[in-house]
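Written out below as structure tokens is the structure these notes cover.
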Amino acid sequence: MPVLVMLCLILTGCGGSGQKEAGQQGKSEQVKEISVDELFSRGKQVQGMSYDYILTAPSGTMSGKVWLQGSKIKTETTIAGQHMISFFDRDTNTVITYYPDQNKAVKLSAGSRQKNVQTPSEYTGGVDPAKSKIVETVVYDGARCRVVAVTGADGREEMRLWVREDCGLPVRVEVTSASGEKTVMEYKNLQVGSLPTETFELPQGVEVTDINKMMERLPVSSGTYSKQP
């Protein structure tokens, strides 16, 4: 399994596929004013969470479960019939991918490669509040959300986020490309709170193959092999 795919799984719904559909899920209501900056700042306080995610892109759909606590990330998904659980440690920049059906795991460095699926807090953390505005307030799945429209440098709306008012985290993100293609990330069953340490630990007795150590033992003088970062 390519490293990029595994890291893609490390990562991470409110409303429908657009503003009209969001309104169908929950009616708009009058609530007190809040700035985008204040709304996003609430999400920065969250250290632990768990959720299901559904990524719908022009190329296809991906889904899974995610647990986050500080620098620890655990993901669970199935690709091409292969069930896998990944543990990503941002402090050591390593990822362990566990295959329950085989009771085996592979450990390697994440290197400089970036994951393609963002966590809820990473979406809001990368948004400039000055280029954003709240356009609607809706209730969905029992949570009140502020719909935030984000404008790009060309003045075109390029992203829309449904952000939960209570915790400042988006539970739906719509990204529209310049060509008009839309990618939607939904975060379902979002639970905020500290997670136990054992959540991010492998089961006892799992055979772990450390790819980094294997690469260190490979010859490098001939130039045929090179040590991985």
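The values are calculated or read from the model by the stated rules, or taken from the named source; none is laboratory data. The model shown is predicted, which means the values in this text are computed figures rather than measured ones. Don't worry about glycine lacking a Cβ; one is built from the backbone with ideal geometry, like all the others, and counts go over all protein chains shown.
Values as computed for the structure displayed
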quantity	calculated
Meets criteria (at pLDDT 90 or above, closer than 18 Å to Val127 by Cβ, out of contact with any Pro (no Cβ under 9 Å at 6 or more places or on another chain) and surrounded by fewer than 18 Cβ atoms within 10 Å (Cβ to Cβ)) for Glu174	no
One residue from Ser35, Ser63, Ser86, Ser71 being modelled with pLDDT of 90 or more, surrounded by fewer than 16 Cβ atoms within 10 Å (Cβ to Cβ) and either more than 27 Å from Thr176 (Cβ to Cβ) or more than 14 Å from the chain's Cα centre (by Cα) (or both)	Ser35
Test set (1) touching an Asp or Glu at 6+ places or on another chain (Cβ under 7 Å); (2) modelled with pLDDT of 90 or more; (3) surrounded by fewer than 21 Cβ atoms within 10 Å (Cβ to Cβ) - Gly152 fails condition number	(2)
Residue that is β-branched (Val, Ile, Thr) and more than 27 Å from Ile73 (Cα to Cα), where the choices are Thr124, Thr137	Thr137
Residues being in contact with a Leu (Cβ under 6 Å, 6 or more places away or on another chain) and under 25 Å from Val184 (Cβ atoms) - total across the range 68-85	2
In the range 107-125, the residues that are modelled with pLDDT of 85 or more, charged (D, E, K, R) and within 12 Å of the chain's Cα centre (by Cα)	Glu122
